[in-house]
Amino acid sequence: MKTVEELRVGDRASLVREVTEADLALFAAASGDTNPIHFDDAYAESTFFKGRIAHGILCASFISAVIAGKLPGLGTIYVSQTLKFKAPVRIGDRITA
């Protein structure tokens, strides 16, 4: 783990994570977002996505795990983030933050 002073342009860190049913349930409990697109197979099949998808912000939150745990590490607080969701994430998908 690096200190802020040790960071250099080009430094990298990542986290590979499989999105699980438990991730969706825990995120919904914490956020209050119980949209049926995340939990109801029949409803989700009738949408543009043709199936259930993970919460976008759940997936974006993995960035926080990288910053707090790896780059630079514990005690880090970041104050801004800009996102563009390029594709839906589904249960069982492995994503890299």
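The values are calculated or read from the model by the stated rules, or taken from the named source; none is laboratory data. These numbers were taken from a predicted model, which means no experiment stands behind them. Backbone-built Cβ (ideal geometry, glycine too); neighbour counts: all protein chains shown.
Using beta carbons and a limit of 9 Å, which pairs, at least six apart or on different chains, have the first residue in the range 1-26 and within 13 Å of GLY73 (Cβ to Cβ) and the second one surrounded by fewer than 10 Cβ atoms within 10 Å (Cβ to Cβ) and at pLDDT below 90?
MET1/LEU74; LYS2/ARG8
In the range 1-52, what residues are loosely packed, with under 12 Cβ neighbours inside 10 Å, among the charged types (D, E, K, R) and more than 16 Å from the chain's Cα centre (by Cα)?
GLU5, GLU6, ARG8, ASP11, ARG12, ASP41, GLU45, LYS50
Select from the range 1-52 the residues that are among the aliphatic types (A, V, I, L, M) and within 15 Å of PRO88 (Cα to Cα) and list them in ascending order. Give the steps one after another, and end with the answer.
Within the range 1-52, the first condition is being among the aliphatic types (A, V, I, L, M), and the residues that meet it are 1, 4, 7, 9, 13, 15-16, 19, 22, 24-26, 28-30, 37, 42, 44.
Correct list: VAL19, LEU24, ILE37, ALA44.
Condition test on ILE91, is it in contact (Cβ under 8 Å) with a residue 40 or more places away in the chain, aliphatic (A, V, I, L, M), in contact with a Ser or Thr (Cβ under 7 Å, 6 or more places away or on another chain) and outside any helix (DSSP H, G or I)?
For ILE91, the condition - in contact (Cβ under 8 Å) with a residue 40 or more places away in the chain, aliphatic (A, V, I, L, M), in contact with a Ser or Thr (Cβ under 7 Å, 6 or more places away or on another chain) and outside any helix (DSSP H, G or I) - is met.
Taking the range 67-88 as the region of interest, how many residues are at pLDDT 90 or above and either in a helix (DSSP H, G or I) or loosely packed, with under 15 Cβ neighbours inside 10 Å (or both)?
Within the range 67-88, the subset at pLDDT 90 or above is 82-88.
Checking which are either in a helix (DSSP H, G or I) or loosely packed, with under 15 Cβ neighbours inside 10 Å (or both) leaves us with 82-87.
Residues in the range 67-88 being at pLDDT 90 or above and either in a helix (DSSP H, G or I) or loosely packed, with under 15 Cβ neighbours inside 10 Å (or both): 6 in total.
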